[in-house]
Amino acid sequence: MRHPESHLQQVCLRWARLQFPVCRKLMFSVPNGAHLSQIQARILKAEGMTAGVADILFLHPSKDGKWCGLAIEFKYGKGRQSDLQKEWQKALEATGCYCYEQVRSFEEFRTILTDWV
């Protein structure tokens with residue numbers, strides 16, 4: 001498989017949308033890793049595309065009421081966050097409203113989401 005992180009993300013999102021109807025509209029990907037032409041990249045940056053944003057955002061509060069939403073970064077194997085991803089995570093967590101999780105397996109994702117919804 002050439003894109004194991006992408007495959008993991010697809011499997012997790014498909015499961016979430018089937019398991020929890022609220023995920024169908026409120027959990028979505030942020031395609032920052034897309035290969036774009038210079039013109040497309042310039043337009044999207046002007047529209048607010050931001051480097052480092054997590055792979056998936058879930059705009060739904062946690063069931064314990066502690067968090068307003070969840071950001072998930074998928075990593076595979078020994079994959080590590082970039083400096084921009086670390087900066088974005090720090091800025092998000094500084095709000096005190098959002099939870100940020102790194103996920104390396106479907107089992108981790110399932111546990112996080114089952115505890116969340």
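Numbers below:
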| item | result |
| --- | --- |
| The range 11-43, residues that are within 17 Å of Y76 (Cβ to Cβ) and either in a loop (DSSP other than H, G, I, E, B) or at pLDDT below 95 (or both) | S29, N32, G33 |
| Residue within the range 84-96 that is outside any strand (DSSP E or B), surrounded by 15 or more Cβ atoms within 10 Å (Cβ to Cβ) and free of Cβ contacts under 8 Å to residues at least 12 places away in the same chain present | no |
| Test for F109: is it assigned to a strand (DSSP E or B) and either β-branched (V, I, T) or touching a helix residue (DSSP H, G or I) at 6+ places or on another chain (Cβ under 9 Å) (or both) | no |
| Positions within the range 46-83 being under 19 Å from C12 (Cβ atoms), in a loop (DSSP other than H, G, I, E, B) and of a type in the set (V, I, T), in sequence order | V53 |
| Boolean, G69 is at pLDDT below 95 and among the small types (G, A, S) | no |
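Residue-by-condition table, conditions (1) surrounded by fewer than 14 Cβ atoms within 10 Å (Cβ to Cβ); (2) not hydrophobic (A, V, I, L, M, F, W, C):
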| residue | (1), (2) |
| --- | --- |
| A16 | no, no |
| F20 | no, no |
| K45 | yes, yes |
| S62 | no, yes |
| G77 | yes, yes |
| R80 | yes, yes |
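The values are calculated or read from the model by the stated rules, or taken from the named source; none is laboratory data. Small disclaimer: the values here were computed from a predicted structure and weren't measured. Heads up, the Cβs are rebuilt from the backbone with ideal geometry, glycines too, and the neighbour counts pull from every protein chain shown.
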